[in-house]
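> Pasting a structure here, questions to come.
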Amino acid sequence: MEQLDQITSLIALSMGVAWASGINLYATLLMLGVLSNMGHITLPPGLEIVADPLVMLAAGLMYCVEFFADKIPGVDTGWDTLHTFIRIPAGAALAAGAVGDLSPAVGLAAAVVGGSLAAGSHSLKAGSRVLINTSPEPVTNWTASVAEDLAVIGGLWTALNHPLWFLAGLVVFVLLLIWLLPKLWRGIKRVFGFLARLFGASTEPAPGGTVDRREPPSLPPTGSR
């Protein structure tokens, strides 16, 4: 029974760090490092590096940058686009590090599942931000950013202290993700379609529904009769 509890805790931690990394990687690293150094948790050997003061300093610095970038409309979308290439591989690496001491096969499986989970949570965050940015006021950006940070903290705390509850919530999240992502994608396509029409070259349709692209008649040379 105790061994089963340990396996459940490792799975919850592995999937928890992957899921949280897709939303806010730096908050995830910082929270793990702080909790480890304060003696509240014992990290697996593959994750002990996040408790190193240098790693915590770098994570804290980048979290401060993200804290402000994540709350500026437009900037947050650019930041999320850049972090597509950071959060997903980091989520896979952290998931593998949480269970990698068991066996290389388990570590690889955790990396595959964790990377996919990080990609899902990142896609949900980035896609929802594109739609939120259609609102002219910044309150929704601040609200979404704070809610995401609280979700990361609450989710990791639950994964560490109540792994079964976290895994149950994770199943609900995956089902919700499957339902939401197609709707988000359609909304994003409408947003970018609107922007393309707004900034694209305006052309008047010619009779018959086709665009008249004929050159305008040239003026006669000066002095000609």
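> Tell me, yes or no, whether the range 163-174 has at least one residue that is closer than 21 Å to Ala12 by Cβ, among the aromatic types (Phe, Trp, Tyr) and exposed (fewer than 13 other Cβ atoms within 10 Å of the Cβ).
Yes.
> Okay, moving on. Which pairs do you get when a residue that is at negative phi and at pLDDT below 95, found in the range 141-164, comes within reach of a residue that is among the acidic types (Asp, Glu) and not in a helix (DSSP H, G or I), reach meaning Cβ atoms under 6 angstrom, with the pair 6+ apart or on two chains?
Ser145/Asp70
Table: residues versus (1) closer than 22 Å to Gly154 by Cα; (2) in contact with a Leu (Cβ under 9 Å, 6 or more places away or on another chain).
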site: Met31; (1), (2): yes, yes
site: Leu35; (1), (2): yes, yes
site: His40; (1), (2): yes, yes
site: Pro44; (1), (2): yes, yes
site: Glu48; (1), (2): yes, no
site: Leu54; (1), (2): no, no
site: Tyr63; (1), (2): yes, yes
site: Phe68; (1), (2): yes, no
site: Thr77; (1), (2): no, no
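> Here's a follow-up. Assuming Leu102 fulfils every condition listed in (1) modelled with pLDDT under 95; (2) of a type in the set (A, V, I, L, M, F, W, C); (3) not in a loop (DSSP other than H, G, I, E, B) apart from one, which condition is it?
Leu102 satisfies all of (1) modelled with pLDDT under 95; (2) of a type in the set (A, V, I, L, M, F, W, C); (3) not in a loop (DSSP other than H, G, I, E, B) except (3).
> Determine which member of the set Ser36, Ser9 is in contact with a Pro (Cβ under 8 Å, 6 or more places away or on another chain) and either assigned to a helix (DSSP H, G or I) or exposed (fewer than 14 other Cβ atoms within 10 Å of the Cβ) (or both).
Ser9
> Okay, moving on. Report, ordered by the first and then the second residue, all pairs with beta carbons closer than 7 Å, sequence separation of six or more or different chains, a first member in the range 26-45 that is touching a residue at least 12 places away in the same chain (Cβ under 8 Å), and a second member that is aromatic (Phe, Trp, Tyr).
Close Cβ pairs satisfying both conditions: Tyr26/Tyr63; Ala27/Tyr63; Leu30/Tyr63.
The values are calculated or read from the model by the stated rules, or taken from the named source; none is laboratory data. Just so you know, these numbers come straight off a predicted model, no measurement behind them. Methodologically, a virtual Cβ is constructed for each residue, glycine included, from the backbone with ideal geometry; neighbour enumeration extends over all protein chains shown.
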